[in-house]
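The values are calculated or read from the model by the stated rules, or taken from the named source; none is laboratory data. Only a predicted model underlies this, so the values are computations on that prediction, with no experimental measurement involved. Note that each Cβ is placed from the backbone with ideal geometry, even for glycine, and that neighbours are counted across all protein chains shown. Ligands, DNA and RNA are stripped out before the accessible areas are found, and what is left, the full protein with its side chains, is counted by its heavy atoms. Shrake-Rupley method; radii C 1.70, N 1.55, O 1.52, S 1.80 Å.
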Amino acid sequence: MISLVQFSLLVILGGYLFDRYIVEVLPVGFSALILILYILAFFQQLQMIEVVLLVSLLAMGIILKRKQTTTHDIARYVKDQLKSPGTYCLFILFLILSVSLMHRRVQELDDYKYWAAAVKSLLARGGYETTNHLFIVSYGDYPQGLPLILWWFEHILGSWHENILYMGFMYFAMSFLLPMTRNIWIENRIIRICFCTVVSFLLYAISTSYTRFGISLEPDRVMALIYAGALTSIVDDKEDVFTYVRLSLYMTAVILMKSIGFVWAFAAFFLYLALRKAKKKRFTKWDFAVAVVPLIVLVSWNVFCLYTKRRAYLTQNMFDAFQGGWLRELQSRSFIIRIFLRNLFVEPLNCASTVLKTTFGINLSPVGFLAVYAVLAIFIGIKKICSSAELKTMVIYSFLTGFFYHIILLWGYLFMFYNEFSEIKYLHMQNLTSHYAGPFYIGTLILFLEIILNKGKPEGCLKSRECDRDTLKKKNKKAWITRYVFFAVIMAALPNYPLTYRYLAEYQKPEIEKSNLEARSKYTEILAPFTDAVKNIPDQLNSQVCFLTTANNGILRSYLHYFTSPLSVLDIYTDEIEMDDLAEQLMIAGSDYFFIFDSFDQTQTEKLRNLGLHVNTLYQVDWTDGKMCFIALGT
C-alpha cells in the first residue's frame, strides 16, 4: 500500500505544480510509472519502486518549497478538485469497475497462456527473464508494459489476487479517457453529476463494444485507449512543460504495450507536428524532444531482445514473409482479400453475433465508423469549433492512418495469420480487426469527441477557479448546450449494450463460473504429473524444461504455462521421439530438463522404454563429451 500512497501524492502534487486537473495528471502518472518499472525490471529490482517514488516525492517537495507553496495551498487545490466534473467521473468509474470486477477470475486462454502468467513471472523474478529462461519461449519479444503495470497493482496488496489483475487493467486503461471529462461545465450541480455519470459509463461502453476491451488482459484494447488519450492531449490548447512531458510519456506507454505500438506512437507524434503547422506555430527543439524518450525505449527493448534471443513466433512469421515466394503465396491466399473487403464494408466490427444470442444494438462496420467520423467532422465545421486548417489536418490524418494501417493489417492477414482463415471462417478476421485496429477506430472517435466536448472552452487558472466560471458565463450557453447534447447522443448511440453487459458482469453467472472452475480443475488434474515433477527442480528461476507431448492442444498449453510460471517451459509437439533429434533440440534451446507427457501411443511408449525413458518422468540433462546423458528425478 505504500507505493499507492506515494503515487497518489505525486499525482496530487503534480496537478498543483503544473496547474492541471487530477484526471489529467493521473494517466501521465501511470505512464511515468510504467517507464520507471521498465527500467527497474532490467536489473530485476522491481521491489525498489517505493524507493524511487520516495525520491520523486522528495524532489517534488523541494520544487514546491522553492515556489513557496504551503500546505494550505495544496489543501485548497484538493478541495477544489473534489468538486470538479472529472473527479466525479473518476470516482463513478472506480465504483462501477470495482463492484463489477470484484469476483473476476482468470478465464480466457490468452490470459492463462501469457498475460496473467507474465505477471506471475514478474512477481517471482522481480524483473525480466534472462536468456533461455522465458516462461513461454514463443512470446519472447512482447513488450512488458501491461504486465509491469499489473505487477504494480498486485504488488500494492503484496500477494496474488486474480481479480486485482482485471481491476488494475481497467483502472489503468480507462484513466486515459478521463481527461475528456475534466471541464464539463453545467451550472446545476445535480445535472452535472448525472451527466458525468452517464459519460463515464458510455466511455466504458464504447470501449467494450468495439475493442472487446473487457474480455481479457490483452494489451491491444489498452493501446487503443492510450493512443486515444495521446490524440486528445495533442488538441489541448495549453502549451507548457506538462504538454511535452505528457505526449512523450503517452508515446512511451503505447510503445511498451505491444510491438506494433511504435506505429501508433509516432502516428500521434506526426499529428502533433501537423497541427502545429496548421496553427502556424514555429517548431522548437522541444517539439522534437518529445520523441527522444520513446525512441530510446523502442531501441533499448529491441536491443535487449536481440541480446537475450527473445523472439515471438509471429515475429518469425513476419521475417519469413519477406523471404522468396511471397507472390506465389499471395495467389493461393486471394480469398483472404475477399474476406477482408467483405468485413470492411458489411460485417459489424464488434462481432456481436459470435458472442450474443441477439445482436440488438448498434453494430457498426468499419465503413460505418467512417460515416460517423464524417458526421462529427461536419458538425465541428458547421459550429466552427476549431479552425478550418486544424479540421482539415485532422481529417486528412485520420484518412491516412486508417488507410495505411489497414494495408498493414491486410499484409498481416496474408502472411502472418493466413492459417487462421478459410472461406467460411470470415468472422474471425473481423474479430482480429477489432483487436488490432482498435487504436484507429477508438482513437479517431475519441479525438473528434474531445474537440466537440472541450475545444475552445477557457479552462483558466485551476488555483483560482472563479476565472473559469466568470469567463464561461459570458459565452453562448446555447452553443455549449448544443455541443453537449450532440456529444451525448453520439456517445449513447454507438455502444452495443448487451455486449457491454456481457463483458461487465455476465462472467459472474453461476453456470459460467462453474464451467471455468471445472475446466481449471480438469487441467490441474491432467497436468499434475508435470507440475508435481518440476517441484524437484532446485533452481526454477534459472532452469528450462522441455515438455514433450503429442497433443498440440491450445487449451492444454495455456493452462500449462499459467500453472508453471515463472518456470521456463519449452513445449514441443511431436508424434515420435528420436534421441538424436531430441538431443539437438535440447542443445539449441539450452534446456536443463525434459519431461515426456503421457500422450504417446503404446508403440512409441515401448520404444521409449527400450531407450531407458518413461512417460510422466522428469529428466535432468547432462552433457558429457558432447553426448547427452539424462538422469531421472523424483523416482
Output the helices (runs of 4 or more DSSP H) that fall wholly within the range 365-462 and possess 1 or more residues being farther than 24 Å from residue 200 by Cα, or say none.
-> 366-382, 388-415, 427-436
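I'd like the full set of residues that are in a helix (DSSP H, G or I) and either of a type in the set (S, T, N, Q) or open to solvent by 30 Å² or more (accessible area, probe 1.4 Å) (or both), limited to the range 529-562. Break it down into steps so the answer makes sense when it comes.
The initial filter retains those residues of the range 529-562 that are in a helix (DSSP H, G or I), namely 529-536, 540-542, 554-562.
Once the filter is applied, which keeps residues that are in a helix (DSSP H, G or I) and either of a type in the set (S, T, N, Q) or open to solvent by 30 Å² or more (accessible area, probe 1.4 Å) (or both), the range 529-562 yields 529, 531, 532, 535, 536, 540, 541, 542, 554, 555, 557, 558.
Please find, among 391, 376, the residue that is modelled with pLDDT of 85 or more, in contact with a Phe, Trp or Tyr (Cβ under 6 Å, 6 or more places away or on another chain), buried (at least 18 other Cβ atoms within 10 Å of the Cβ) and under 20 Å from residue 278 (Cα atoms). Reasoning before the result, please.
On the way: 391 fails: in contact with a Phe, Trp or Tyr (Cβ under 6 Å, 6 or more places away or on another chain).
Answer to the check: 376.
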Going through (1) at pLDDT below 85; (2) open to solvent by less than 10 Å² (accessible area, probe 1.4 Å); (3) under 26 Å from the mean Cα position of the chain (by Cα) one by one, residue 448 fails only at (1)
Sort out which residues of the range 239-285 are in contact (Cβ under 8 Å) with a residue 60 or more places away in the chain, open to solvent by 30 Å² or more (accessible area, probe 1.4 Å) and under 20 Å from residue 405 (Cα atoms), and write them in order of number.
-> 259, 260, 263, 270, 274
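Could you please let me know if residue 140 is modelled with pLDDT under 90, within 29 Å of residue 483 (Cα to Cα) and touching a Lys or Arg at 6+ places or on another chain (Cβ under 6 Å)? Walk me through how you get there before you give the answer.
Numbers: modelled with pLDDT under 90: yes; within 29 Å of residue 483 (Cα to Cα): no; touching a Lys or Arg at 6+ places or on another chain (Cβ under 6 Å): yes.
No; evaluated as a whole, the condition is false for this residue.
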Check whether at least one residue in the range 210-219 is open to solvent by less than 20 Å² (accessible area, probe 1.4 Å) and of a type in the set (Lys, Arg), and report yes or no.
-> no
Lone qualifier among 319, 269 - being at pLDDT 90 or above and part of a helix (DSSP H, G or I) | 269
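For the range 508-528, what are the residues that are assigned to a helix (DSSP H, G or I) and open to solvent by less than 10 Å² (accessible area, probe 1.4 Å)?
Scanning the range 508-528 gives no hits.
Only one residue in 622, 571, 601, 575 is closer than 22 Å to residue 140 by Cα and at pLDDT below 85, so which one is that? Walk me through it before giving the result.
Numbers: 622 fails: closer than 22 Å to residue 140 by Cα; 601 fails: closer than 22 Å to residue 140 by Cα; 575 fails: closer than 22 Å to residue 140 by Cα.
That would be 571, the only listed residue that is closer than 22 Å to residue 140 by Cα and at pLDDT below 85.
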Taking residue 416 as meeting all but one of (1) over 17 Å from residue 260 (Cα atoms); (2) of a type outside the set (Ser, Thr, Tyr); (3) at pLDDT below 80, write down the number of the exception.
-> (1)
Residues being in contact with a helix residue (DSSP H, G or I) (Cβ under 9 Å, 6 or more places away or on another chain) and farther than 14 Å from residue 545 by Cβ - total across the range 600-625 = 6
Of the criteria (1) exposed (fewer than 14 other Cβ atoms within 10 Å of the Cβ); (2) of a type in the set (D, E, K, R); (3) touching a residue at least 60 places away in the same chain (Cβ under 8 Å), which one residue 622 fails | (3)
How many of the residues making up the range 563-612 are open to solvent by less than 30 Å² (accessible area, probe 1.4 Å), touching a strand residue (DSSP E or B) at 6+ places or on another chain (Cβ under 6 Å) and either in a strand (DSSP E or B) or more than 29 Å from residue 519 (Cβ to Cβ) (or both)?
-> 11
For the range 550-562, what are the residues that are polar (S, T, N, Q) and either out of contact with any strand residue (DSSP E or B) (no Cβ under 8 Å at 6 or more places or on another chain) or at pLDDT 85 or above (or both)?
-> 553, 558
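Take residue 495 and tell me if it is assigned to a loop (DSSP other than H, G, I, E, B), open to solvent by 70 Å² or more (accessible area, probe 1.4 Å) and of a type outside the set (Phe, Trp, Tyr). Walk me through it before giving the result.
On the way: assigned to a loop (DSSP other than H, G, I, E, B): yes; open to solvent by 70 Å² or more (accessible area, probe 1.4 Å): no; of a type outside the set (Phe, Trp, Tyr): yes.
Here the answer is no, as residue 495 does not meet what is asked.
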Could you please find all residues in the range 232-264 being in a loop (DSSP other than H, G, I, E, B), in contact with a Ser or Thr (Cβ under 9 Å, 6 or more places away or on another chain) and under 19 Å from residue 394 (Cβ atoms)?
-> 236
Might you let me know whether the range 21-39 holds any residue that is in contact (Cβ under 8 Å) with a residue 12 or more places away in the chain and polar (S, T, N, Q)?
-> yes
